[in-house]
1. Quick one: in region 418-456, of everything that is modelled with pLDDT of 95 or more and in contact with a helix residue (DSSP H, G or I) (Cβ under 6 Å, 6 or more places away or on another chain), which residue is nearest to residue 340 (Cα to Cα)?
2. Sort through 21, 15, 34 and tell me the only one that's crowded, with 20+ Cβ neighbours inside 10 Å, in the same structural domain as residue 236 (by TED's automatic domain parsing) and either within 18 Å of residue 240 (Cβ to Cβ) or out of contact with any strand residue (DSSP E or B) (no Cβ under 8 Å at 6 or more places or on another chain) (or both).
3. May I ask you to verify whether residue 397 is crowded, with 20+ Cβ neighbours inside 10 Å and touching a helix residue (DSSP H, G or I) at 6+ places or on another chain (Cβ under 8 Å)?
4. Checking the structure you have, find out if any residue of region 163-171 is modelled with pLDDT under 95 and touching a strand residue (DSSP E or B) at 6+ places or on another chain (Cβ under 7 Å).
5. Mind checking which residues of region 1-32 are more than 18 Å from residue 333 (Cα to Cα) and modelled with pLDDT under 90?
6. In region 356-369, is there at least one residue being in contact with a helix residue (DSSP H, G or I) (Cβ under 6 Å, 6 or more places away or on another chain), closer than 30 Å to residue 72 by Cα and assigned to a strand (DSSP E or B)?
7. Which condition number in (1) more than 19 Å from the chain's Cα centre (by Cα); (2) at positive phi; (3) in contact (Cβ under 8 Å) with a residue 40 or more places away in the chain is the one that residue 374 fails?
8. Condition check: in a loop (DSSP other than H, G, I, E, B) and either in contact with a strand residue (DSSP E or B) (Cβ under 7 Å, 6 or more places away or on another chain) or assigned by TED's automatic domain parsing to the domain that holds residue 326 (or both). Does residue 250 satisfy that?
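The values are calculated or read from the model by the stated rules, or taken from the named source; none is laboratory data. Model, not experiment: these values are computed from the prediction. When we count neighbours, we look across all protein chains shown, and the Cβ atoms used for this are built from the backbone with ideal geometry, even at glycine.
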């Protein structure tokens, strides 16, 4: 494990200061040790490597397609595209979600695009039609096809799973069961209940880099010192804890409400609180705690304000048992290959990175904000997706607020990372032993899929 700053506690040390019972999921500290080897830049730049991913990765893994709220009524459909694949998800008359390859069995035309509602699945080209359950319904001029039994022409199905309000698909009929694939993720999120939240913001942004280049920026905190200097007063990036479970699940927990250890001497406690909460953050905290104000740590002050802010949307019994960590820390998981949900009781941000079509140097980044609603109230409808081109900054998005500058810093970095990878003279990259071990874990699992050794 990386060296702990002598004046700063580890994340587990911060948990020791909690005044309520710490949930077991936060106490897990896997202390992974992964062989530190250089990685060839071709992983991010070569068309041949990208094609191997298209052939051997995306058809084999569980991947998030959409929220369950996109498929709630009979006939609701949603199209999920990944690389050269297109998947059609449908809510059937039997109140189940099914997924099909989005390709007409006559001449191959995509049956649907986007999302909507339909009583049947009719190809817009020649009119071949299927029922919502994938069974063949009708075609024009059926005697023209007397050489085949049209009744046997059912749409090929994919595996479907649901968790946390999300819908997942897998194209491989022999894939690992979803319950095994996700490892301890459902148990960790049980108390945070993402399935009870609604999407308050969803944006999709084009970034000119390989999908892995973008994803890797969100599974390590090492870059924050250089890339995000404005958060060093309240983000203990060097104190991040990194965890790995099996092949498909990993996590970073980055403490908030403390300065980054290497820069701690630059900031007072009041500066830490105000930089994280706003210029009047510390005053708000002192008013909430009254005569205990002179005893506050920066994390306790921030937690006091966060608890007050969440009173309207989180049940009081839940807030009473919530740790300070669950109110402020970045608790970011990755379910291989590209689904990244935040845990905790605050706004739950979820990321998804995927190729932009068949372009090795371009990707799509989806960002979802999941919010709780007031207990007893109906869950609001999900926000409509906002699309950002590569040239549009996150700062253009209403409601992104202070996070916009952070994401813009990353988005400006990533095309330059891609350019630098192409320009590399040595032909390989290196990684930090502890803070970037999740990148090595990711690539180790990727290699299992690309070698065709998975489940053999």
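1. In this case the residue turns out to be 439.
2. Values: 21 fails: crowded, with 20+ Cβ neighbours inside 10 Å; 34 fails: crowded, with 20+ Cβ neighbours inside 10 Å.
None of the others qualify; the one that does is 15.
3. Values: crowded, with 20+ Cβ neighbours inside 10 Å: no; touching a helix residue (DSSP H, G or I) at 6+ places or on another chain (Cβ under 8 Å): yes.
No.
4. Keep residues of region 163-171 that are modelled with pLDDT under 95, which gives none.
So far as region 163-171 goes, no, none of its residues is modelled with pLDDT under 95 and touching a strand residue (DSSP E or B) at 6+ places or on another chain (Cβ under 7 Å).
5. So the first thing to find is which residues in region 1-32 are more than 18 Å from residue 333 (Cα to Cα), and the list is 1-10, 13-22.
1, 2, 3, 4, 5, 6, 7, 8, 9, listed by residue number.
6. Scanning region 356-369 turns up at least one residue that is in contact with a helix residue (DSSP H, G or I) (Cβ under 6 Å, 6 or more places away or on another chain), closer than 30 Å to residue 72 by Cα and assigned to a strand (DSSP E or B).
7. (2)
8. Working: in a loop (DSSP other than H, G, I, E, B): no; either in contact with a strand residue (DSSP E or B) (Cβ under 7 Å, 6 or more places away or on another chain) or assigned by TED's automatic domain parsing to the domain that holds residue 326 (or both): yes.
When the stated conditions are applied, residue 250 does not pass them.
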